[in-house]
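The values are calculated or read from the model by the stated rules, or taken from the named source; none is laboratory data. Note that the structure is predicted; figures quoted are calculated from it, not measured. Positions of Cβ are backbone-derived with ideal geometry, glycine not excepted, and every protein chain shown enters the neighbour counts. Side chains are part of the model used for accessible areas, which takes the heavy atoms of the whole protein and leaves out ligands, DNA and RNA. Shrake-Rupley method; radii C 1.70, N 1.55, O 1.52, S 1.80 Å.
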Amino acid sequence: MNQLAVNGGSPVRTKPYPKWPAARANEYRRLLGILKMDDWSTLNQEVNNLGEMFALYTGAKYALPVSSGTVGLEVILRALNIGRGDEVIVPIYTFVASVSSILYTGATPVFADVLYGTHLLDPESFEKNITPRTKAVLAVHIGGRPCDMDAICEIAKRHNILVIEDSAQAHGASWKGKKTGTLGIAGSFSFQASKNLSCGEGGMITTNDEALFRQMWSIREYGRDSRSDIWYEHMNLGTNAGMAPWQAVVLQEQMKDVDILFEKRTKSAKILTEALREFPFIELNDEDERVTGNAYHLFMFKYNKDAFYGVTREELIGLLSGEGIGCLASGYSQPITEMDIVNDETFRKVTGSDRTYQGVDIPVGKVIAYEKGMWLSQAALLDEESDVLAFPAALRKLAENKDEVLEYVKRRRDHE
Ligand SMILES: Cc1ncc(COP(=O)(O)O)c(C=O)c1O
């Protein structure tokens, strides 16, 4: 009799994953409150209140709500006067917005490789890519785990380069006890629907620098001066990047649970880490005691198909999906250096650069993107302990049914 669900057996897991994002009664009440107000603008006090709550949460002196994490990065870069002719170093293994935000300012992205053990910016590769045009580095805390901020900040200081944190996935994460968003000159967070803290779409930028905060505020508000009462006076080239008050009140409510959910994900990640050690085809990321809080937006690991009968990542996902294991992905599967956004005419037009990215030295990023990188998304970590263990149970079932695995793989490949 067939055991594997893809061959007609019973799946390991039948329960749905926890709903994400999820609202409770308070969000409805708060939303109605805003609808009844006269002020629906981004200058509504509730937007400021959210900024204050988030500043307290991260320990940053200032936090400014914006319309998205992407726009947050753009506002930071523009407030720091980074643009055409400047270079910004960014890790190759990241979401496209880390790079498109640089391009939107007219600056040129320069790609550094990532570390095999963490999938995060490799400080050595960062240093190797510095040129006299380098103005900033984007420390992307991918998956919710902080980068090696000691090494990155030390190199940046030596070369007089600004450190900007792309903390889109790292709400509440900390490095040696300090929260992300406070470790560089400024940080940007995302509240897009999948994120650990969400209002559907939205973002937040943080800084400890008062002058930078004022400049970011001004750019967010069409170039207005935060200290001026004259509505049609515009001191800067700004844009409209504000958050609406409905987003702000939803986030205020969601923030009430942020620490509890952070702890829950941490606990589940620990359980998974222990349980996954038995599989020779799964490589867990390195641990580092300087990471005092990993937000686990993504539980990242590597899958080695050579240790599992040559079954590809997509085939593995197919087998596991049959067993009811969801929230699983092979992640960023195309290095950004190969995307049109850094190779087409628009790229040349916005940056004025004739740089090409074909020969860029990113071997580790390529292995992670094309071959080995995988992740479980955060909603899977909000499960009950026994449900978190369904993933390793399904892997065990596959490992114990080699013939059936190969039968499925053959069938799938014959259909391709
Ligand atoms: C690493 C990273 N940077 C930036 C962003 C952009 O955030 P948003 O989707 O809120 O624009 C995201 C998220 O989507 C992200 O994952």
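Structure notes:
- Qualifying residue in region 28-45 (condition: of a type in the set (Lys, Arg) and part of a loop (DSSP other than H, G, I, E, B)): no
- Remark: Asn44 falls outside the filter, which requires a residue to be open to solvent by less than 50 Å² (accessible area, probe 1.4 Å), among the polar types (S, T, N, Q) and outside the structural domain of Leu251 (by TED's automatic domain parsing).
- Some residue of region 9-18 being among the small types (Gly, Ala, Ser) and either open to solvent by less than 40 Å² (accessible area, probe 1.4 Å) or in the same structural domain as Pro245 (by TED's automatic domain parsing) (or both): yes
- Condition met for Leu389 (open to solvent by 40 Å² or more (accessible area, probe 1.4 Å) and farther than 30 Å from Asp86 by Cα): yes
- Test result for Ala55, surrounded by fewer than 24 Cβ atoms within 10 Å (Cβ to Cβ) and under 19 Å from Lys135 (Cα atoms): no
- Some residue of region 137-149 being among the charged types (D, E, K, R), within 11 Å of the ligand (Cβ to nearest atom) and either open to solvent by 10 Å² or more (accessible area, probe 1.4 Å) or within 11 Å of the chain's Cα centre (by Cα) (or both): no
- Screening Leu212, Leu183 for residues that are within 16 Å of the ligand (Cβ to nearest atom) and either crowded, with 24+ Cβ neighbours inside 10 Å or not polar (S, T, N, Q) (or both) leaves exactly one candidate, Leu183.
- Elements of type helices (runs of 4 or more DSSP H) contained in region 345-416, each with 3 or more residues being assigned by TED's automatic domain parsing to the domain that holds Ala193 and within 30 Å of Ser198 (Cβ to Cβ): none
- Restricting region 79-97 to residues that are surrounded by fewer than 24 Cβ atoms within 10 Å (Cβ to Cβ) and farther than 26 Å from Trp246 by Cβ, the residue that is nearest to the ligand (Cβ to nearest atom) is Val96.
- Selection within region 334-346 - in contact (Cβ under 8 Å) with a residue 40 or more places away in the chain and open to solvent by 20 Å² or more (accessible area, probe 1.4 Å): Met339, Ile341
Yes/no matrix, rows are residues, columns are (1) within 30 Å of Phe308 (Cβ to Cβ); (2) open to solvent by 30 Å² or more (accessible area, probe 1.4 Å); (3) β-branched (Val, Ile, Thr); (4) modelled with pLDDT under 95:
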{"site": "Leu328", "(1), (2), (3), (4)": "yes, no, no, no"}
{"site": "Val364", "(1), (2), (3), (4)": "yes, yes, yes, no"}
{"site": "Glu371", "(1), (2), (3), (4)": "yes, yes, no, no"}
{"site": "Met374", "(1), (2), (3), (4)": "yes, no, no, no"}
